[in-house]
Structures are given as C-alpha cells and as structure tokens.
Amino acid sequence: MDNQPKQQRPVGNLGTRRKFIHVLDRRMIIPLLVIIALLIVSMGAMWLFNSSGTESVSAEVVPISAMPNLPSGPTYCKDMVRSGNFSTENTCFAELAKLNFNEDYCLGIEDIIERDVCYSDIARIIMDTNICFRLNSYTNDPGVAKCMFDIAEDTGVFETCFLIEYNIGNFSNNHCLMSLAQKNQNVGICNLLSMDEPPYDKENCIAGVDIE
C-alpha cells in the first residue's frame, strides 16, 4: 500500500473565486438594468414622435406648391380634383408637366387645345423646339410656328427662326427674324430675311431698328 499522504484540494482558493464571481455578477445587474430602461424610454419617445408627426401631416391640406413631383398612381389627378386642389384633371396634368419639366404629362389632358397649350408652355419653359412638333398640328401649322417663334423671342437666338418652315405671314421665319432684329436693335438680322414680302420685309425691318 502507498503510505504517501493524499494531497488536499485548495478549497479555500476555489471558494474565494466563487465569492468574487458572485459579487461581480451582482455588481453588473444594476448597470444592465439601467441600460435596458434607457433603451425602453428612447424607443417610446421615438414612437411618440413618429405618431404625432404622422397625425399632423394627415390633418393638413397640402398646398399645390408642396405637391410631390410624381403622381402616386393612375388616379392621382382624379384624387387631387376630389380633394379640391384642382378644378379639373386637365389643369392637374398641366401643373405636373411644369413641376417636372416633362411634356409627357400633357398626354393626360383630354382636350386637344389645352394639351397643345401644355406642350407650348413646357417647350418655352425648357426651351426645347422639339416639343413644338408634338402639338396636334402639321409642321407648317401656325401653332407649331408660334411655339418656335416664342422660344426664339424668349432666348434671343435668331437661328431658331430658321426652324420655321414658311416665310410669309404671322409667325413665319421672316416675322421671327424681324421681331428679334427690332427687339435686340440689330440691323444685321434684317439682312437675313429671305423674302421681301410686306409687312415682314427688310425695308420695314430696318425701319424698325434705331440706327445711330
């Protein structure tokens, strides 16, 4: 038999460690409870803020100037008329076209005349003569010519006048050139008139320009 004495386990050290861990655990409980309480309070505050903000927006009448640029669905303008923001769907589509600088909204306008006005307005706003050709008329129609005429006057670019495909009459390219020459007091533009057909001829054009 082995007469060697058996080694005792360090009971005292193990008990000390258990006591330390137990104390440490109790010390961590309070900070954890504080953190959880703060999280609950902050989440409650965020919920109250979001719910109150939603209620205030829904209770207000949205002004036309603050309308979203894009319609939320196919019945957007119909809903806007029902809510009293517009008198007709045509005016709603025309306003959307202006807000978005996009002539495609004019397609929603059923009345042909109002649709052409919408196209003309957007063409002048973004100064794009290509939109003039979307008017419900032929290329040499006065409606298209006037659309280009207005853009030329707004921009002061006389080259736009040459896009008008006829020379005689109101809103012709001669009329356009003469108007710009007199508006800008530039007699050189008068020399660009292609035909001497009164009243939009070179003589009348020059006479309307102040030459020092």
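The values are calculated or read from the model by the stated rules, or taken from the named source; none is laboratory data. Given the structure is predicted, the values throughout are model-derived calculations rather than measurements. Here the Cβ positions follow ideal geometry from the backbone for every residue, glycine too, while neighbour counts run over all protein chains shown.
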**OP:** Could you please let me know if residue 123 is under 22 Å from residue 175 (Cα atoms), among the small types (Gly, Ala, Ser) and either in contact with a Lys or Arg (Cβ under 8 Å, 6 or more places away or on another chain) or crowded, with 17+ Cβ neighbours inside 10 Å (or both)?
**Re:** yes
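Residue-wise test of (1) touching a residue at least 12 places away in the same chain (Cβ under 8 Å); (2) under 30 Å from residue 75 (Cβ atoms); (3) under 30 Å from the mean Cα position of the chain (by Cα).
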position: 105; (1), (2), (3): yes, yes, yes
position: 113; (1), (2), (3): no, yes, yes
position: 122; (1), (2), (3): yes, yes, yes
position: 159; (1), (2), (3): no, no, yes
Original post:
For residue 145, all conditions in the list (1) crowded, with 20+ Cβ neighbours inside 10 Å; (2) assigned by TED's automatic domain parsing to the domain that holds residue 182; (3) touching a helix residue (DSSP H, G or I) at 6+ places or on another chain (Cβ under 6 Å) hold save one; what is the number of the exception?
Top reply: (3)
**OP:** Starting from residues that are in a helix (DSSP H, G or I) and either among the basic types (Lys, Arg) or in contact with a Lys or Arg (Cβ under 9 Å, 6 or more places away or on another chain) (or both), keep the ones in region 146-173 and report whichever is farthest from residue 210 (Cα to Cα).
**Re:** 147
Subject >> Which numbered condition residue 113 misses (of (1) surrounded by 13 or more Cβ atoms within 10 Å (Cβ to Cβ); (2) closer than 27 Å to residue 80 by Cβ) >> reply: (1)
**OP:** May I ask you to list pairs of residues, at least six apart or on different chains, whose Cβ atoms are under 8 Å apart, with the first in region 200-212 being farther than 14 Å from residue 184 by Cα and the second being surrounded by fewer than 17 Cβ atoms within 10 Å (Cβ to Cβ) and modelled with pLDDT of 90 or more?
**Re:** 202/191
Original post:
If you go through region 95-106 one residue at a time, do you hit one that is over 18 Å from residue 170 (Cα atoms), surrounded by fewer than 19 Cβ atoms within 10 Å (Cβ to Cβ) and among the charged types (D, E, K, R)?
Top reply: yes
Original post:
Here are 171, 149: which of them is in contact with a Phe, Trp or Tyr (Cβ under 8 Å, 6 or more places away or on another chain) and at pLDDT 95 or above?
Top reply: 149
